[in-house]
Amino acid sequence: AAILLDEPFADMSAEARWQFRRDLRLWRGQSAPTLVFATDDAAEAMALADRVTVMRQGEVVQTGTPRQLIEAPRNRYVGQVTGDPGINLMPCVIDGDRAVVEHLYIPVEPGLAARAAQTGKALELGIWPEFLRFSAAMVGGAVQVNIVGVDDRGASKLVTARVGKLHLTIKVPGHELVPGRQGWLVFPP
């Protein structure tokens, strides 16, 4: 047996959604039947599901646990729809154990760098906004960026920064000070 739900939270208030999601998770933990939950809200799907199927124009793009989708999105579409916000994508080339993006050298895991270099294809480096580290002051290994905008979400801020021609989104804690024009960015290896 399975239960099919199609956009069940669409007309609920934020508080009712939160309570229903909580109750649904508790109920699912009690040997409930399979639940198929259709939604276009990726955050909702990622919060509720044991396994998520990402679809585009009626076709399955990728299926996996929320963690698998975040750690290894199959393509740019999956990276854009599974995060909140979506993944930062930057055209790059591999130079040893580094990705070269514009004038920046970003360290990459050696095995991953070697596999990427062997593809012979155009490459894009993807970094989730929460893994970029922003600083109002210069820190070791940081790159200076121009602040384009700040979206204050209360518990967090989404900082849009420009590095050369690239626009990157950085997710920072809501209490962190974001200067008006410039800041510093550290890329994770």
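Between the amide H of Thr65 and those of Val52, distances stay under 5 Å, these residues lying 5 or more places away or on another chain, with hydrogens modeled in the peptide plane.
From the Cα gyration tensor of segment 1-95, with a ≥ b ≥ c the square roots of its eigenvalues, which class applies: rounded if a/c is under 1.5, or else prolate if a/b is larger than b/c, or else oblate? Verdict is prolate for segment 1-95. Summary of the geometry: segment 49-75 and segment 1-20, compared by the centres of their Cα atoms, lie 21 Å apart. Protection proxy ranking of 168-181, 112-125, by the mean of other Cβ atoms within 10 Å over each peptide's residues and highest first, is 168-181, 112-125. Between Ser13, Ser31, Ser156, the Gaussian network model of the chain with springs among Cα atoms under 10 angstrom shows the greatest mean-square fluctuation at Ser31.
Compute, for segment 84-185, the length of the dipole vector about the Cα centre, with Cβ point charges of +1 (Lys, Arg) and -1 (Asp, Glu) only. Units Debye, rounded to 20. Please list the in-between numbers first.
Working: 10 positive and 10 negative charges, 33 e Å.
Dipole about the Cα centre, nearest 20: 160 debye.
R0 = 22 Å: FRET efficiency of Glu109 with Val139, Cβ-based, nearest 0.05?
Working: r = 22 Å, r/R0 = 1.01.
Efficiency, rounded to the nearest 0.05: 0.50.
Go ahead and set up a Gaussian network model of the chain, Cα springs under 10 Å, then flag whichever of Met90, Met138, Met12 fluctuates most. Taking springs between Cα atoms under 10 Å, the residue moving most is Met12.
How big is D for the chain, in µm² s⁻¹ as a whole number, if Stokes-Einstein is applied with the Kirkwood radius of its Cα pairs at 10 °C and 1.306 mPa s? Walk me through the numbers on the way to the answer.
Working: Rh = 18.9 Å.
Value of D from the Cα-based Kirkwood radius: 84 µm²/s.
Inter-label distance, Trp27 to Leu166: 4.5 nm, where each label sits 7 Å from its Cα along the C-beta direction.
Here the 3J(HN,Hα) profile of segment 44-60, calculated from phi with Karplus coefficients 6.51, -1.76 and 1.60 at θ = phi - 60°, is 5, 4, 5, 6, 9, 8, 7, 9, 10, 10, 8, 10, 9, 6, x, 10, 6 Hz, Gly and Pro shown as x.
Taking a point 7 Å out from the Cα of Val93 in the direction of its Cβ, the residues of segment 166-186 whose backbone N falls within less than 18 Å of it are 166.
Summarising the amide proton neighbourhood of Leu5: residues at separation of 5 or more, or on other chains, whose placed amide H is nearer than 5 Å comprise Val36, Phe37, Ala38.
Rounded to the nearest 10 degrees, the inclination of helix 14-28 to the longest alpha-carbon principal axis of the chain is 70 degrees. Surface exposure of segment 86-189, expressed per residue as accessible area with a 1.4 Å probe, stands at 56 Å². The alpha-carbon of Lys157 sits under 19 angstrom from the alpha-carbons of these lysines, leaving out residues fewer than 8 places away in its chain: Lys171. Summing Lys and Arg as +1 and Asp and Glu as -1 over all other residues whose Cβ lies under 14 Å from the Cβ of Gln62 gives a net charge of +3.
Label separation (Ala117 vs Asp50): 4.2 nm, computed from points 7 Å beyond Cα along the C-beta direction. If only the Cβ of Lys and Arg carry +1 and only the Cβ of Asp and Glu carry -1, the dipole of segment 1-85 around its Cα centre is close to 340 debye.
The values are calculated or read from the model by the stated rules, or taken from the named source; none is laboratory data. Just so you know, these numbers come straight off a predicted model, no measurement behind them. Quick reminder, even Gly has a Cβ in these numbers, built from the backbone with ideal geometry, and neighbours come from all protein chains shown. To get the accessible areas, we keep the full protein, side chains included, count just its heavy atoms, and leave off ligands, DNA and RNA. Shrake-Rupley method; radii C 1.70, N 1.55, O 1.52, S 1.80 Å.
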